[in-house]
Amino acid sequence: MHDCITKFKTMSLKTLKTAALLTLIILAAGSCKKDEETTYPSLGGEISIEGLELFMDASSKESRTLRLKPGGAVHPEGKEVGYYWKVSPLMEKYDTTRYENGLGKDGKPSDGTFEYPIKDTLGTFTVYCYAYASGYSNTYAVSYTTLVKGGENGSITGSGIYDDTYKVTGTSYRYIIAGNQDWINSNISEGTAGTPFRNADAMAEVFGRYYNYEDAVQVCSQLPGGNWRLPTEQDWINLANWLLKDNADAPEVKEYEDIFWDKEKNGTPTIASQLMADASFNTMKMWTYWPAVGSISNRSGLAFIPTGYANLGVTPAVKSGTGYPDASFEGVYDYSVFWTADEVEGESDMAYYRYIVGSQPHFMISKGNKESFGASVRCVRDR
């Protein structure tokens, strides 16, 4: 019995040694195989995507159709490269627009241009462009475009612009009645003066245009319906007094001074919360809630949204086409900024503007360069 156990142990040890040896052989073979895997060299150059707009108008099939031309990828041997595309999350499969023989799907020479009609869906989409060639690893570029739409049922929702308001004859604008004055309750986007956000035409009727001082004065005076003008500082003061008339604890309102609001002393709702609209841009909330401001009510009906302001470029700012190529856009989702008609005494190149900041309950005033500062515009008229 003891001999049998010893023999069994001996056989077991031999078996284990054999199994271990086989395992080592398999692992070694796998290691050799891994070492033998081919690493492909990369294509040269850097892919570019020509024709992709940052914002696209979703109002028609034509305006929301992508027409993109690839370029930049270089075959190290001087041969052709192929291109294929994908728009996420809309496309499940890739679309090859040029094979590595330089031909398209129709068998004719192709530059790889990709055409794709995006469905009428507001939002941001990711565009991928890949270059490929046999014997080389693929290279790719990624970029983005956002579909937007102006007007009612467009990208801006929840603003209350169309609630209990009046239509400006001959335009798409609406206005509210504040005391003995009419106030347009959305940012002006008239004409070709000023510039849209990021110089993108599709954003003109969404955020309104950013105007320098002279253009702001002109755009209100030319608005259909007659007698519209850029609000003076006194008009803004009248508006604030109208808004606060039922609040016995409201702070004193003075020309050319910030209207500071202390919730402990002045109560609620704050003046900023009464001017703000709890609006969304493509379903994304625009104003962030801050306890100092309180719940956004848009009690004024003026529906301020945080479209920020523009630095149009060095003075004098130079315009090209429909925008300012050197412009930068600041304070979006944080500031609402509006020109007044009042120039700064003793500073001929400066004018006043009124503004609110998302985190503050106040209605403030500052001054900007009349040529290089770009602000939103609201127009007013006397009844």
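Assorted remarks:
- Within the chain, the percentage of alpha carbon pairs spaced more than 33 angstrom apart rounds to 49%.
- Nearest-ten-degree value, helix 2-35 long axis tilted from longest Cα axis of the chain: 50
- Taking Cα centre as origin and charging only the Cβ of basic (Lys, Arg, +1) and acidic (Asp, Glu, -1) residues, the dipole magnitude of the chain rounds to 2000 debye.
- Cα centroid of segment 128-155 to Cα centroid of segment 271-314, whole Å: 31
- Normalising the average separation of contacting C-alpha pairs (under 8 angstrom, six or more residues apart) by the number of residues puts the relative contact order of the chain at 14 percent.
- 32 Å Cα-Cα threshold exceeded, pairs from LYS149/LYS319; LYS263/LYS319; LYS61/LYS167; LYS105/LYS319: LYS263/LYS319; LYS105/LYS319
- Whole-angstrom gap from segment 187-233 to segment 334-352, using each part's C-alpha centre: 15
- Estimated inter-spin distance, ASP106 and ASP382, nm [label 7 Å along Cα→Cβ]: 6.5
- Per-residue packing, averaged as other Cβ atoms within 10 Å, sorts the ranges 338-347, 211-220 into the order 211-220, 338-347, beginning with the highest.
- Taking the DSSP beta bridges with both ends in the chain, the antiparallel portion is around 90 percent.
- Using alpha-carbon coordinates, inclination of helix 233-244 to the longest axis of the chain, degrees: 80
Each value in this text was obtained by applying a stated rule to the coordinates, not by laboratory testing. The structure presented is a predicted model; accordingly, all values stated were derived computationally and were not measured. So basically every Cβ, Gly included, is an ideal-geometry build from the backbone, and we count neighbours across all protein chains shown.
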